[in-house]
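Visitor: Sharing a structure here in structure tokens format.
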Amino acid sequence: MKCNYHTHSTYCDGKEPMEKFAAKAEELSFIHLGFSSHAPVDFRNDFAIKEEQLPAYIAEIEEIQKKYPKISFFKALECDFIPEISTPFAYFKEKYQLHYIIGGVHLVGKATMSDLWFIDGSKQKVYDDGLEKLYNNNIRKAVTDFWEQTFEMIETEKFDIVAHLDKIKMHNQDRFFKEDEKWYRQLAQHAIELIKKFNLIIEINSRGLYKGRCNAFYPAAFIVAEAAKKDIPFIISSDAHLSSELNLYYPEAVRYLIDNGVQELVYLQDNQWKSYSIFS
Ligand SMILES: [Zn+2]
Ligand SMILES: [Zn+2]
């Protein structure tokens, strides 16, 4: 069962219009395709959809649905969580009647900070400069802030899927901290417990791998194995910004999940996430 629920387009920082993704999904025999532009944020940026574009975004997904009846399309957003700054996720879900919300942290900080630490994007230097300028190179404080922001998102926002749970490792490249350090493992473990408590889905996100920015899926194998023990549901996401990225590393992701003890994936049907065997 081929699905992708994490897809960008030219409405945000994606590189192709939504229809290109729909055509590619049909070619790949996908049954589900969810569009998830970066949700509007209240500061100048070039990565998020503008709120005034949302009605057109929704209408275009409905048009695409008519043109490609074999696939089920979903209306969604990838919402950034920034304490004191971002709009509550539920506002978008209710106002625009979205099928689901993906929640993630790309910018670490809050309104009282002079700037936000951008941990995503293609440039390692931006990560390094932010770490120096905003955290005086205190990596443990910076990484702890990332995880605590993730905890706060899980505890205070209404959403469905946690985006690239351990994105913080991407630009680290094993330089400032190691993922097997005890303090880091404890932070990740707490995130897993909260994800279980709030019934959220973890995505296996392949973007770091196919962009060559990270040598592993998000999240790490130890997180997948712990989450599998707790029966936390999983999906596989390519986080595609180009239609050619839609199915990259899909078989590898299935293998990765199986190797780490996962037996089921979930898919969206009648507004409910339902599980199916990963071996089917
Ligand atoms: Zn993201
Ligand atoms: Zn994304």
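Derivation of every value follows stated rules applied to the coordinates shown; laboratory data play no part. Here the structure is a predicted model, which is why all the values come from computation and not from measurement. Here the Cβ is made from the backbone with ideal geometry for all residues, glycine too, and neighbour counts use every protein chain on show.
Visitor: Given q = 0.09, 0.13, 0.17 Å⁻¹, what are the Debye log10 I(q)/I(0) values for the range 94-209, with equal point scatterers placed on the Cα positions and solvent ignored?
Guide: -0.25, -0.52, -0.89
Visitor: Using the Karplus equation 6.51 cos²θ - 1.76 cosθ + 1.60 (θ = phi - 60°), what ³J(HN,Hα) coupling, rounded to whole Hz, does each residue of the range 64-77 give in order, writing x for Gly and Pro?
Guide: Values, residue by residue: 4, 4, 5, 6, 10, x, 6, 9, 8, 9, 10, 9, 8, 9 Hz.
Visitor: Provide the percentage of antiparallel DSSP beta bridges, counting only those with both residues in the range 3-277; round to the nearest 5.
Guide: Once the DSSP bridges in the range 3-277 are tallied, antiparallel ones form about 30 percent.
Visitor: Could you please rank Trp117, Trp183, placing first whichever residue has the fewest other Cβ atoms within 10 Å of its Cβ?
Guide: Least crowded to most crowded, the residues run Trp183, Trp117.
Visitor: Additional query: Using just the helices of the chain, give the 222 nm mean residue ellipticity in deg cm²/dmol: DSSP H runs with n ≥ 4 each add -39,500 (n - 2.57), and the total is spread over all residues, rounded to 500.
Guide: After summing the helix terms and dividing by residue count, I get -11000 deg cm²/dmol.
Visitor: Still on this structure, I have one more. When only C-alpha pairs under 8 Å and at least 6 residues apart count, what is the relative contact order of the range 1-142, in percent?
Guide: Across the range 1-142, relative contact order equals 18 percent.
Visitor: Additional query: For Val126, Val143, what ranking results if the residue with the fewest other Cβ atoms within 10 Å of its Cβ goes first?
Guide: Sorted ascending by nearby Cβ count, the order is Val126, Val143.
Visitor: Further question on the same structure: With a 10 Å Cβ neighbour count serving as the proxy for reagent exposure, in which order, fewest first, do Asp13, Asp42 appear?
Guide: Asp42, Asp13
Visitor: I need the phi-derived Karplus couplings for the range 139-152: 6.51 cos²θ - 1.76 cosθ + 1.60, θ = phi - 60°, integer Hz, Gly and Pro marked x.
Guide: 5, 5, 5, 5, 5, 5, 4, 4, 5, 5, 5, 5, 4, 4
Visitor: Do you know the relative contact order of the chain, to the nearest whole percent, from alpha carbon pairs under 8 angstrom that are 6+ apart?
Guide: 17
Visitor: Name the residues whose placed amide hydrogens come within less than 5 Å of the amide hydrogen of Leu77, ignoring near sequence neighbours (fewer than 5 apart) on the same chain.
Guide: Placed amide hydrogens put Tyr100, Ile102 under 5 Å from Leu77.
Visitor: Then there's this: Apply the Kirkwood formula to the chain: the hydrodynamic radius equals the inverse of the mean of 1/r over all pairs of different alpha-carbon atoms; give it in Å with one decimal.
Guide: Here the Kirkwood hydrodynamic radius works out to 19.0 Å.
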